[in-house]
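S.K.: Let me begin by handing over the structure; questions about it come next.
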Amino acid sequence: MDLAAALLDGVLLGGLYALFAAGLSLIFGVMRLVNIAHGDLILLSAFVALTVTSCFSIHPLFSLFLVVPLMAVLGYALQRAVFNRTLGNDILPPLLVSFGLSVFLQNALLQIFRADSQRLHAGPLETWHLDLPFGITMGALPFLMFIVAVLVIGGLQLLLYRTGLGRALRSVSDDGEIAQVMGINNAHLYGVAMAISLAIVSVAGVFLGIRANFDPSIGPTRLIFAFEAIIIGGLGDLWGTLVGGVILGVAQTLGARINPGYQILAGHLVFLAILTVRPQGFFPRTR
Amino acid sequence: MPFKLLETRGLAAFYGDFQALFGVDFQIEPGETIAVIGSNGAGKSTFLKSLVGLVRTKAETVSFDGQAIWGKPAYRIIAQGISLVPEGRRLFPSLTVEENLSIGAYSRRKGPWNLDALYTVFPVLKEKRKLPGTALSGGQQQMAALGRALMANPKLLLCDEISLGLAPIVIREIYEQLEKITSNETTVILVEQDVKQAMAVADRVYCFREGRVVLEGRPSDLGREQITKAYFGV
Ligand SMILES: Nc1ncnc2c1ncn2[C@@H]1O[C@H](COP(=O)(O)OP(=O)(O)O)[C@@H](O)[C@H]1O
Ligand SMILES: [Mg+2]
């Protein structure tokens, strides 16, 4: 039942990838901004959590009460001060600026925290597990990650489709010019979207830090995982993104079972295979 | 001098380096319906977009309801009580009909219009409220676009070619509704290529050509020849 255990691990890991991806997907959907710095922002929040946990000696999950609002405020400010100035008909300027931000963040984190591997210590949560039938064990942490991912995506979905704010976000995404004529302040709304994105990013960052070692250089790889999850799922559909994350996670854990060195490679191969067979992803948004 | 709800003096508008409007002087009194006519590319849509802050402009004055609105961002102008029914309707494709209408009320201005009031005037929109805006026929989409603009409870309603691409019978229906709707306090600027239609509903007419106002007056005072000349510039 080794295989079943690996499958389960992969599915649960998919939750983390969906968390990586949800904020990226939201920003692309609302303002057609491909945020290259997304992965580094995940790392930034992991380091912010590291600082908070060591300053106040609290559990990393508790640090979220501080990290989430901090990152949300940073997101709003970043959007208003930097990204909003680059948005227009051309998608290249925001792309370049976010690339610049990515480089800046990596180097700033390297300067402050050095290249050493870090870890957010979550105590017994790291080892707790549930014994399932057939001798499969399920770690509490991966399970929690998955549940949180489902909650975050469900929450985001509710926000987008059941609230006035969500309606406004979708209208800006559809037609930014006419949205203004509805009385919407696009600049503010973009700020709110980035705040939400970075709030999700901080949850992702904290789980990333609890699950494995991290250092300032691993952001871009997380960005790739997020991209892959989004594209497999079909651009624009959040539940699809979760499915995409799960497919990627399963591919990676199965790959790792064949040979630990194949983990990342297997994920990319499955991604490429799906891209070849079904380039629109599994749940493309129909317009 | 009667109170002017909206007044522009020396209004110029630009798309990048291209100047689309030149020194437009325009006035409208509360309760008036004004038709803006002119051939394709004359600057009619640009004029409406200038009023709500969607294009870059220069002007001596643009005032609305006693306040200067020149240079203000669109969302502030909308909140002061101007609504636009844009050319080509431009419903939000990923929103349902009802969501399209509701988003019109984003600025939360008080007034007679809400979903119930709209559904009374346009029952077909209530029937189709759960559908995406794009599932409506052209005429129904135009009703929805008009309804969306009314949801903001505007003092001044700007309509850009609401008859474009619609069957004559549908046009008549929409204009009938519009007349009922605006019989209360709403002031209207109608951009219309159909000169006959415009003359029939307007208190005054402005004719644009190549970004300038070339004729202005009451339909009853304007001769057919005069209008043709202004319209085509021959
Ligand atoms: N987005 C734009 N960018 C550049 N030029 C534009 C744009 N929109 C309109 N124009 C130009 O401005 C002029 C006036 O256009 P418009 O106001 O749309 O005319 P009308 O509504 O009377 O048909 C035209 O010459 C048109 O080509
Ligand atoms: Mg036009």
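The values are calculated or read from the model by the stated rules, or taken from the named source; none is laboratory data. Just so you know, these numbers come straight off a predicted model, no measurement behind them. Counting neighbours? That spans all protein chains shown, and the Cβs are built from the backbone with ideal geometry, glycine included. Surface accessibility is based on the protein's heavy atoms, side chains included, excluding ligands, DNA and RNA. Shrake-Rupley method; radii C 1.70, N 1.55, O 1.52, S 1.80 Å.
S.K.: How much length is gained if the chain between B:Arg172 and B:Asp194 is pulled fully straight, taking 0.36 nm per residue apart and subtracting their Cα-Cα distance, in nm to one decimal?
M.R.: Between B:Arg172 and B:Asp194, full extension yields 6.7 nm more.
S.K.: Write down the radius of gyration of region B:1-121 and its Dmax, each obtained from C-alpha positions, in Å.
M.R.: 15.8, 47
S.K.: Only Cα pairs under 8 Å and at least 6 apart count here; give the relative contact order of region B:6-232 as a rounded whole percent.
M.R.: Relative contact order, region B:6-232: 28 percent.
S.K.: Report, in listed order, any pair from B:Lys155/B:Lys180; B:Lys4/B:Lys155; B:Lys130/B:Lys180 with a Cα-Cα distance greater than 20 Å. Before the final figure, lay out each step's value.
M.R.: Values: B:Lys155/B:Lys180 15 Å; B:Lys4/B:Lys155 12 Å; B:Lys130/B:Lys180 26 Å.
As for pairs spanning more than 20 Å Cα to Cα, those are B:Lys130/B:Lys180.
S.K.: Can you give me the span-like helices of chain B, meaning DSSP H runs with 20 Å or more of Cα extent along the axis and Kyte-Doolittle mean at or above -0.5?
M.R.: Helices meeting the span and hydropathy rule in chain B: none at all.
S.K.: Would you mind getting me the FRET efficiency between A:Cys55 and B:Ala135? Use the beta-carbon distance for r and R0 = 56 Å, nearest 0.05.
M.R.: That gives a FRET efficiency of 0.50.
S.K.: Diagonalise the Cα gyration tensor of chain B and give the resulting equivalent ellipsoid semi-axes, square root of 5 times each eigenvalue, largest first, whole Å.
M.R.: On the way: eigenvalues 153, 84, 56 Å².
Calculated on Cα positions only, the semi-axes equal 28, 20, 17 Å.
S.K.: If you don't mind, there's one more thing I want to ask. Using a 1.4 Å probe and counting only protein heavy atoms, how much accessible surface gets buried when A and B come together, both sides summed, in Å² to the nearest 100?
M.R.: Details: alone 13530 and 11570 Å², together 23170 Å².
For A against B, buried area totals roughly 1900 Å².
S.K.: Let me ask you something else. Give me the Debye-computed log₁₀ of I(q)/I(0) at q = 0.09, 0.10 Å⁻¹ for region A:2-214, equal point scatterers on Cα only, no solvent, two decimals.
M.R.: Here log10 of I(q) over I(0) equals -0.39, -0.48.
S.K.: Can you work out the accessible area per residue across the protein assembly as shown, with the rest of the protein chains kept in place, probe 1.4 Å, in square angstrom?
M.R.: Heavy-atom SASA per residue in the protein assembly as shown reads 44 Å².
S.K.: Next question. If you take the square roots of the eigenvalues of the alpha-carbon gyration tensor of region A:1-76 and sort them as a ≥ b ≥ c, do you get rounded (a/c under 1.5), prolate (a/b over b/c) or oblate?
M.R.: Oblate is the answer for region A:1-76, as a/c is 1.5 or above yet b/c matches or exceeds a/b.
S.K.: Label points 7 Å out from Cα along the Cβ direction at A:Ala108 and A:Ile91: separation in nm?
M.R.: That separation, rounded to one decimal, is 2.6 nm.
S.K.: Ignoring solvent entirely, what values of log10 I(q)/I(0) come out of the Debye formula for region B:88-181 at 0.16, 0.24 Å⁻¹ when each Cα is a single scatterer?
M.R.: The computed values of log10 I(q)/I(0) come out as -0.58, -1.39.
S.K.: How much of the accessible area of the protein assembly as shown, probe 1.4 Å, is carbon plus sulfur, in whole percent?
M.R.: Of all accessible area on the protein assembly as shown, carbon and sulfur atoms account for 60 percent.
S.K.: Of the beta bridges DSSP finds with both residues in the protein assembly as shown, what % are antiparallel, to the nearest 5?
M.R.: Rounded to the nearest five, the antiparallel share is 60 percent.
S.K.: Can you divide the C-alpha Rg of region A:127-262 by 2.2 N^0.38 Å and report the result to two decimal places?
M.R.: For region A:127-262, the normalised Cα radius of gyration comes out at 1.28.
S.K.: Using only Cα atoms and rounding to the nearest 10 degrees, what angle (0 to 90) does helix A:2-31 make with the longest principal axis of chain A?
M.R.: That helix lies at roughly 10 degrees to the long axis.
S.K.: Expressed as an acute angle from 0 to 90° and rounded to the nearest 10, what is the orientation of the C-alpha long axis of helix A:238-258 relative to the principal long axis of chain A?
M.R.: It works out to around 30 degrees.
S.K.: Round to a whole angstrom and tell me the spacing of the C-alpha centers of region B:46-65 and region B:94-146.
M.R.: Cα centroid of region B:46-65 versus Cα centroid of region B:94-146: 27 Å apart.
S.K.: Roughly how tilted is helix A:164-174, in degrees to the nearest 10 and between 0 and 90, from the longest Cα axis of chain A?
M.R.: Tilt of helix A:164-174: around 80 degrees.
S.K.: Could I ask something else about it? Out of all DSSP beta bridges with both ends in chain B, state the antiparallel percent to the nearest 5.
M.R.: In chain B, DSSP labels about 55 percent of beta bridges as antiparallel.
S.K.: Right, here's the next one. With N denoting the number of residues in the protein assembly as shown, provide Rg(C-alpha) divided by 2.2 N^0.38 Å, to two decimal places. Please list the in-between numbers first.
M.R.: Numbers: Rg = 28.1 Å, N = 521, 2.2 N^0.38 = 23.7 Å.
Normalised Cα radius of gyration, the protein assembly as shown: 1.18.
S.K.: If you don't mind, another one. Please work out the FRET efficiency for the pair B:Glu29 and A:Asp2, using the Cβ-Cβ distance as r and a Förster radius of 56 Å; give the result to the nearest 0.05. Please report the intermediate quantities before stating the final value.
M.R.: Working: r = 83 Å, r/R0 = 1.48.
Working from the Cβ atoms, E equals 0.10.
S.K.: Between B:Lys126 and A:Thr137, what's the calculated FRET efficiency when r is the beta-carbon distance and R0 is 41 Å? Round to 0.05.
M.R.: Computed FRET efficiency for B:Lys126 and A:Thr137: 0.15.
S.K.: Once the dipole of chain B is set up with Lys and Arg at +1 and Asp and Glu at -1 on Cβ about the Cα centre, which of B:Ala144, B:Val188, B:Ile169 lies farthest towards its positive end?
M.R.: B:Ala144
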